[in-house]
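Read-outs throughout are calculated quantities, based only on the coordinates presented, and are distinct from any laboratory measurement. Bear in mind that the values here come from a model prediction, so they are computed numbers and not experimental data. Please note: Cβ atoms are built from the backbone with ideal geometry, for glycine as well, and neighbour counts cover all protein chains shown.
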């Protein structure tokens, strides 16, 4: 029986592990990847984590995990398939057997939806990005493209337009589903070119993104656009399927929890990208991990 099981080993889960051990809790981190850092490891270069500008994503993930290990957290490489509460004990079913704890932190993160086109995976971190605020600074005075039609895509295009010479905004429909205010701003921004009714069919480049192939879904016309980077903003989905019967989720599948990480089920807490929140960044995930452990200790204290 553990004090605390943390499911997920991204910045939120690993920060929670560090704070859990500092709080004197017997802490186990379960993650199927076997690699610390979560989405961070797929980022070629991280330039917005305080104190470590320009660090490689894989290296930063390793540092997080090393810190947690040195603090005394234990790790289990396994897939969590279900979790349920029996009295005041949480039973976590994994591909490596059953684990039990007095409290759980869900830190399984979220995944960016992909276009699933040739070149997307091969050029990830080499011009293909899913986070303009994370990677946009690397494309100053260059030409980029944003794919999507919601608020995030519109915000990304506006963000990139401040430093890029040109931004193509590629949307599969002839109107945007994002907020009208954002749409108006995009249309008024001189260096944003909107490409309506179009989908990206290929991202190409030898060692980095050089361009994209685009099909117009109405005319059937094919074209090529030369760019230096592409930002894909077609939504995210949380990795929370295993917890649908344990805690309350919103309509998109995110665990409903505030800054304190408290969920609908006493003893279960959520941290990082898997919870309902506005900003999903490494630094906010790390903060969530610390907050969640504070809530765990408050929960334990309330039981005495």
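Add -39500 (n - 2.57) for each DSSP H run of 4 or more in the chain, then divide by its residues: what number comes out at 222 nm, to the nearest 500 deg cm²/dmol?
Values: 6 runs with 72 residues, N = 304.
Per the formula, -7500 deg cm²/dmol.
What percent do you get for the relative contact order of region 114-232 when only Cα pairs under 8 Å and 6+ apart count? Spell out each step's value before the answer.
Numbers: 264 pairs, mean separation 38.4, N = 119.
RCO, region 114-232: 32 percent.
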Ordering 86-96, 264-274 by per-residue average of other C-beta atoms within 10 angstrom, highest first, gives 264-274, 86-96
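What relative contact order, as a whole-number percentage, does the chain give when Cα pairs under 8 Å and 6 or more residues apart are counted? Present the calculation step by step, with values, prior to reporting the outcome.
Working: 726 pairs, mean separation 60.7, N = 304.
Result for the chain is 20 percent.
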So what's the angle, to the nearest 10 degrees on a 0 to 90 scale, between helix 11-22 and the longest Cα principal axis of the chain?
20
So how much slack lies between residue 216 and residue 26, counting 0.36 nm per residue of separation and subtracting their Cα-Cα distance, in nm?
62.8 nm
Give me the distance between the Cα centres of region 158-172 and region 83-136, rounded to whole Å.
29
Would you mind ranking 168, 196, 254 by Cβ crowding within 10 Å, fewest neighbours first?
196, 254, 168
Among (1) 31, 23, 19; (2) 62, 21, 15; (3) 39, 19, 17, the entry matching semi-axes √(5λ) of the Cα gyration tensor in Å as calculated here is (3)
Relative to the first principal axis of the alpha-carbon coordinates of the chain, what is the inclination of helix 282-302, with its axis defined by its Cα atoms, in degrees from 0 to 90 and to the nearest 10?
20
Neighbouring Cβ atoms within 10 Å as the yardstick, rank 302, 244 fewest first.
302, 244
Within region 114-232, percent of DSSP bridges classed antiparallel, to nearest 5:
40
If you wrap a convex hull around the Cα atoms of region 98-227, how much volume per residue is inside, in Å³?
162
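Highest mean first, what order results for 173-180, 224-231, 294-301, 12-19 on Cβ atoms within 10 Å? List each step's numbers first, then the result.
Working: 173-180: 13.4, 224-231: 20.4, 294-301: 16.5, 12-19: 30.0.
With the highest mean Cβ count within 10 Å placed first, the list reads 12-19, 224-231, 294-301, 173-180.
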Run the simple label-point estimate for residue 189 and residue 117 please: 7 Å along Cα→C-beta, distance reported in nm.
2.0
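Run through the DSSP bridge list for region 66-176 and note the antiparallel percent, rounded to the nearest 5.
Working: 11 of 17 bridges.
DSSP beta bridges in region 66-176 are roughly 65 percent antiparallel.
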Taking 55-62, 110-117 and ranking on average Cβ neighbours within 10 Å, highest first, one gets 55-62, 110-117
In nanometres, what is the gap between the two model label sites at residue 173 and residue 299, each 7 Å from Cα along Cα-to-Cβ?
3.9
Approximate spin-label separation residue 84-residue 47, in nm, with each point projected 7 Å along Cα-to-Cβ
5.0
Folded to 0 to 90 degrees: helix 57-71 orientation relative to the chain principal axis, Cα:
10
Determine the percent antiparallel among the DSSP beta bridges restricted to the chain, to the nearest 5.
45
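Taking neighbour Cβ counts within 10 Å as the exposure measure, how do 163, 223 sort from fewest upward?
Ordered by Cβ neighbours within 10 Å, fewest first: 223, 163.
In cubic angstrom, how much convex hull volume per residue do the alpha carbon atoms of region 17-136 span? If you can, show how the numbers build up before the last one.
Values: hull volume 16.1 nm³, N = 120.
That works out to 134 Å³ per residue.
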For region 213-252 and region 1-65, compute the distance between their C-alpha centroids and round to whole Å.
25
